[in-house]
1. Taking the condition away from chain D (no Cβ under 14 Å) and on the phi < 0 side of the Ramachandran plot, does C:Glu121 pass?
2. Would you mind stating whether C:Lys182 is more than 30 Å from C:Lys245 (Cβ to Cβ) and away from chain D (no Cβ under 14 Å)?
3. Can you find even one residue in region D:354-373 that is under 20 Å from D:Lys31 (Cβ atoms) and either open to solvent by 10 Å² or more (accessible area, probe 1.4 Å) or assigned to a loop (DSSP other than H, G, I, E, B) (or both)?
4. All but one of (1) closer than 28 Å to C:Val242 by Cβ; (2) open to solvent by less than 10 Å² (accessible area, probe 1.4 Å) hold for D:Leu286, so report the exception by its number.
5. Cβ-Cβ distance below 8 Å, separation of 6 or more or different chains: which pairs start in region B:323-337 with a residue that is of a type in the set (Asp, Glu) and end on one that is not in a helix (DSSP H, G or I)?
6. What strands (runs of 3 or more DSSP E) lie completely within region B:219-297 and have 3 or more residues being more than 30 Å from C:Phe323 (Cβ to Cβ), within 7 Å of chain A (Cβ to nearest Cβ) and in contact (Cβ under 8 Å) with a residue 12 or more places away in the chain?
7. Tell me which residues, restricted to region A:300-336, are in contact with a helix residue (DSSP H, G or I) (Cβ under 8 Å, 6 or more places away or on another chain), surrounded by fewer than 24 Cβ atoms within 10 Å (Cβ to Cβ) and among the basic types (Lys, Arg).
8. Test A:Val164 against the stated conditions and say whether it is crowded, with 24+ Cβ neighbours inside 10 Å and under 26 Å from A:Val107 (Cα atoms).
There are 4 protein chains.
Amino acid sequence: MKRKLKAGMVGGGRDAFIGAVHRIAMRLDGKIDLVAGAFSSSAEKSRLSGEDLLLDPDRVYPNYQTMVERELKLPIGERIDFVSIVTPNRTHVPIARAFLENSFNVVCDKPLAFNLEEALELQKVVEKSGKVFALTHNYTGYPMVKEARELVRKGELGTLLKVVVEYPQGWLIKPIEEEGQKQAAWRTNPEEAGASSSVGDIGTHAENLTRYITDLEIDEICAEFTTFVKGRMLEDDANMLVRYKGGAKGVLYASQISVGEENNLSIRVYGTKASLEWHQEEPNDLIVKYSEAPRRILRRGNGYLSDAAKRFTRIPAGHPEAFLEGFANIYLEAARAIDAVINGQPIPLDSDFPTVKDGVEGMRFVATAVSSAKEGAVWTKMK
Amino acid sequence: MKRKLKAGMVGGGRDAFIGAVHRIAMRLDGKIDLVAGAFSSSAEKSRLSGEDLLLDPDRVYPNYQTMVERELKLPIGERIDFVSIVTPNRTHVPIARAFLENSFNVVCDKPLAFNLEEALELQKVVEKSGKVFALTHNYTGYPMVKEARELVRKGELGTLLKVVVEYPQGWLIKPIEEEGQKQAAWRTNPEEAGASSSVGDIGTHAENLTRYITDLEIDEICAEFTTFVKGRMLEDDANMLVRYKGGAKGVLYASQISVGEENNLSIRVYGTKASLEWHQEEPNDLIVKYSEAPRRILRRGNGYLSDAAKRFTRIPAGHPEAFLEGFANIYLEAARAIDAVINGQPIPLDSDFPTVKDGVEGMRFVATAVSSAKEGAVWTKMK
Amino acid sequence: MKRKLKAGMVGGGRDAFIGAVHRIAMRLDGKIDLVAGAFSSSAEKSRLSGEDLLLDPDRVYPNYQTMVERELKLPIGERIDFVSIVTPNRTHVPIARAFLENSFNVVCDKPLAFNLEEALELQKVVEKSGKVFALTHNYTGYPMVKEARELVRKGELGTLLKVVVEYPQGWLIKPIEEEGQKQAAWRTNPEEAGASSSVGDIGTHAENLTRYITDLEIDEICAEFTTFVKGRMLEDDANMLVRYKGGAKGVLYASQISVGEENNLSIRVYGTKASLEWHQEEPNDLIVKYSEAPRRILRRGNGYLSDAAKRFTRIPAGHPEAFLEGFANIYLEAARAIDAVINGQPIPLDSDFPTVKDGVEGMRFVATAVSSAKEGAVWTKMK
Amino acid sequence: MKRKLKAGMVGGGRDAFIGAVHRIAMRLDGKIDLVAGAFSSSAEKSRLSGEDLLLDPDRVYPNYQTMVERELKLPIGERIDFVSIVTPNRTHVPIARAFLENSFNVVCDKPLAFNLEEALELQKVVEKSGKVFALTHNYTGYPMVKEARELVRKGELGTLLKVVVEYPQGWLIKPIEEEGQKQAAWRTNPEEAGASSSVGDIGTHAENLTRYITDLEIDEICAEFTTFVKGRMLEDDANMLVRYKGGAKGVLYASQISVGEENNLSIRVYGTKASLEWHQEEPNDLIVKYSEAPRRILRRGNGYLSDAAKRFTRIPAGHPEAFLEGFANIYLEAARAIDAVINGQPIPLDSDFPTVKDGVEGMRFVATAVSSAKEGAVWTKMK
């Protein structure tokens, strides 16, 4: 990389959560400068957010349309190299389309789209554009998740039989969306979030994490949705049985009403020879269990790990890395790809970041689960 | 108790697993002496097993029928006060019936019966007999499980919303039943075990543990059974979604092919106010989680626990108790009840041990799960 | 073993703690029957304790002297084969001597004696007697402690460099000895306990555990004693630096005022090639750490363990065993030795239980620590 | 803050470890831009490191003297606002002095100085300068460490009795300093590191962490130093007993040869009412233990924590933060103070970062420990 990349952001103004995470992830490795943004659907709020961020006021825009237009007028090298989209689900696709069709690379928060149709459309736009499109399924950025994938690929687990993936949270146990909590408000609103709350918001992470580690493809789902909090319009808890192609079976759940759980994504993968276990809240450890040998605890930062894990590690073992570093790994890889594209080269073959394809699969998963749930939790083929 | 109880045993000869566990559990508290037995369907093996146990050869019988007949001829006080049945599932009911109908109290290993019909019949026999019938769903004997039940009953969790109960084991990942492993042989043989392997053997523990802690009643089950090991006649893995009466939801699974898992029964119960978590492999801890307060770790042996937990504790906190002590707690309570019945008193109202009712519910659960699975994992009302 | 051994007990009446533990440990494996006792220095209390235990009143004695005398009059085979001594430290030696000199085998609680001189005397008595003398340093009975020793012996750790052994408890944070708590009263009374409280009571376990696992011999100690609770006559906290012969170094501490700690004995042993870590409160796991390989968790009950660990395991992996089973392992081995001696054979060479030698070493350790502490925590050669 | 601060760096070129950490910590919150540096004692290496960092070559200097001189010529606002010193110990003081005496603020890696005398001199220079001097005892930047301090200050633990603080690492088990490992080479070289290796490098963190949480002052130390690796010139393992003013006692150790340990700094503080426990490798949890109440696990990011912890938290509970975020918290506070000083205001009273005073105390601790060790591990008053 010859120069730092210049980034813009849509969304992520004051009160937002994930926008701040994206900004930290961008900064962490010193390869990206945030220089522009349309941080809110309120022009005033966008302006104030830009001030908070010490940005040049000329590059803080009242809306994304203006941002596209005005950035396009700047010379290459000064204009943004890519935009990060961190708005509610409903607007991902129109915003992404606007930037892609004007030759900007895009990093977009998940889930990809409002629904599967939109997702498929966007996929075409991305393919046509030749630009980089990265989706921040950030949990695949953790080094020990990459190690897990390597173990599966190297055959350490044998043939995969079963996957148990859980994503319990408890923050929506009360109807805080009615009390003005913005994060809750849009996630539980079908007009902003789409047809699902818990599955769209966190179930997609569970699905993506599973696919990343195992390469298993879902064949059928039986999904039970429940809305435990009265008056809420979308499900806040979803339990699923899964049939993978090839015969593996799965249990997957996502919950926003599991009181006392913080962000307890975890996965266990069972094969004929060994199994593995990883917990997002203790991300530096990967547990591998055998039938007839002691358990192993693989820990981030050690020399015995695969290159796949090592290249996403900044500091030595015992100096824990965590959520923000995992998130930054997505940006690191996206930046490497963007830098290549800017320089007229293809996206590196060894790139390791989630793409529009992951987003489409995620939306397919949401659509299938929603469909199963609507029919009373019946087995439904992946759409 | 004025004198030690005298116990007999059917099953549990050389090579058996659970018989030895029952014998340790009997002995632990010094209230029961094993004095007689028919330890095997092979008379010779029964005799040798009696020798191993340093028993009087006159009271080591070639089969249970002889045992009933010969023990009856001994005067009360010398004859056994109760029998422990630790044979494969198929024979539980006929043996139990034989003893109950001859006025012996019974402790029986789980699951109760070969099928639901048999279980219901036995329930009638028990009721008619006026004798004690205890079923060794031993996991409910753990003090911290009792504490968990107390927390639920006292309303500490609020209204219950969700239960996740898991019982993964890995010991049947290979067809060891074909290599003469006896434990595996009968558990995977429908003629010995009944219509289910994993659900009958360990799923029933998961169901019983959930019911014990929560008092929730299952309304419907959607059960996916898989036989991963080729040639095996019964399922070795079962994943279920559960609907409880009153609206709570559940995930329950039992697996014998989860490589590297030993005996990892665990339960998480989520309510509107708090949730709890307990792991059988670390049984002295009970974790309670709140939305807006620090997590608590309740530990066996402490003064702050409920009487329900305290009365099943032998040694101080930090001196861990485990599986055998939990198992012995079932015997302690069964012995107290048997002692009452022997002395012409009713079974104490505060008795805390699993009964034939638990056994019937367990068989109902197995039958429902089997039925759901046979139809392709469809929702099935509890039989 | 052709018949069960007959045991007597001195001490362990109502209100005692460790007596009850010894009785459970005796019973667990069905090889020992408790048939006689002098359970208290109060004849009345001894009688009542015998009643609680459903013993023949004729064999419940008012004091140990009478017990020796009367048991001697019974024929061999009916009289006790051994006595368990579970009284306060002060009386261990006179009682043990009385039984040994009358040809009874002895199991004795730790620490061995009131002081080092007494211990050395008793050692001579034991040697002269030709009888079995077992000391219940029960923590060495845990299977994973035995595995730890095997790993050291096999060279898995390389040359040993450092040992950190910790034994924090918190139960004496308040002067409960002044409120009639019997356990506290004698342990903090120099006339009952000897020259040390925390080191005598639990520090000796730490020392014994270290020596058992590592075979290291202490060369010098620098011991800082503190009495944190006002008015207490003995130290309730002791921190030590240790120099082992051969150059290894150590940290050892014992504390009774570490609030919130239950019985948190733990040990870490560091060698040139690997290190190990074991926690008494989670006794089924042994952690082994390497420089350049993943950590291993060895778990009780697995086939990959050494025979040394396997032969002290009753139930499969994942069915946790704990304190009482570890304690019972001392009795199992003592019983095997006693059975041999009774049958005119030598004590088996592969016997694995703590002996009078361990007791002498423990008293030497206490004496050295006390001496160091009295001089203001100066380096003091092992006495 | 009206504008981002401009930072320079001395040290931290290619192959360095801690320089990269400082750079990430600087960047994380978007308040600091690194614009200049003298990254190596080799001018060529400094130049290449500047290139790696995409810096303006004009501001990459061959040595720190040139850097001071040239930066001074730039107008305020363009010149660096502060310098980060990340060189080996020997050069901290001369470099810091050069910048302070030319009106630059300083952030310096620990330990403060080559020896105590130098440290005391530097303290005077800092005081005279009126500039900010921050020392990166980064472990005090962790939110749960701040919570621990709050608990102590609020009296939750009662009167403090005992502190156990441990810092085992294993990376120096082999003489890797002889194989060209740069990190090892200077840390084990008395001409670069000073009179101590393990105590200077990590023991000072243990001392600082203890003082930060407890406010206890050391009165006397008894320190046993060992050099386990042949040919090494400084100790690679140090065990200490500590007497604090007021009567509390302590155990403190630092080790570089504890094989398999990564960076396992941990602390336990025992008071009359409660105790706390924190492990750097799992930094999001703080365990609080009580005599007669359940243990509590306090977790970063929750609303029930103190403001002291909350203001150093970026993302919600369950989204773990770790080493780099803790380190960045030191920079956040240093930046706030520097910004104040630049704007002619006093350093904020609520500033929470380690200062030159911490550095002096650390060097006093090292000097005392070294002195104790040299005399054969005798009790030595704090210098």
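The values are calculated or read from the model by the stated rules, or taken from the named source; none is laboratory data. In this text, all values refer to a predicted model and were calculated from it rather than measured experimentally. Neighbour counts are summed over all protein chains in view; Cβ atoms, including those assigned to glycine, are modelled from backbone coordinates with ideal geometry. What goes into the accessible areas is simple: the full protein's heavy atoms, side chains included, and nothing from ligands, DNA or RNA. Shrake-Rupley method; radii C 1.70, N 1.55, O 1.52, S 1.80 Å.
1. On the way: away from chain D (no Cβ under 14 Å): yes; on the phi < 0 side of the Ramachandran plot: yes.
When the stated conditions are applied, C:Glu121 passes them.
2. Details: more than 30 Å from C:Lys245 (Cβ to Cβ): yes; away from chain D (no Cβ under 14 Å): yes.
Against the criterion (more than 30 Å from C:Lys245 (Cβ to Cβ) and away from chain D (no Cβ under 14 Å)), C:Lys182 qualifies.
3. Filtering region D:354-373 down to residues under 20 Å from D:Lys31 (Cβ atoms) leaves D:354-355.
In the following step, the residues that additionally are either open to solvent by 10 Å² or more (accessible area, probe 1.4 Å) or assigned to a loop (DSSP other than H, G, I, E, B) (or both) were identified as D:354-355.
Looking through region D:354-373, at least one residue is under 20 Å from D:Lys31 (Cβ atoms) and either open to solvent by 10 Å² or more (accessible area, probe 1.4 Å) or assigned to a loop (DSSP other than H, G, I, E, B) (or both).
4. For D:Leu286, the failing item is (1).
5. B:Glu325/B:Leu28; B:Glu325/B:Arg314; B:Glu325/C:Ala322; B:Glu333/B:Ala134; B:Glu333/B:Ser351; B:Glu333/B:Asp352; B:Glu333/B:Phe353
6. Numbers: elements: B:237-244, B:249-255, B:266-271, B:274-279, B:285-290.
Result: B:237-244, B:249-255.
7. Hits for region A:300-336 are A:Lys310, A:Arg314.
8. On the way: crowded, with 24+ Cβ neighbours inside 10 Å: yes; under 26 Å from A:Val107 (Cα atoms): no.
Considered against the rule, which asks whether it is crowded, with 24+ Cβ neighbours inside 10 Å and under 26 Å from A:Val107 (Cα atoms), A:Val164 comes out as no.
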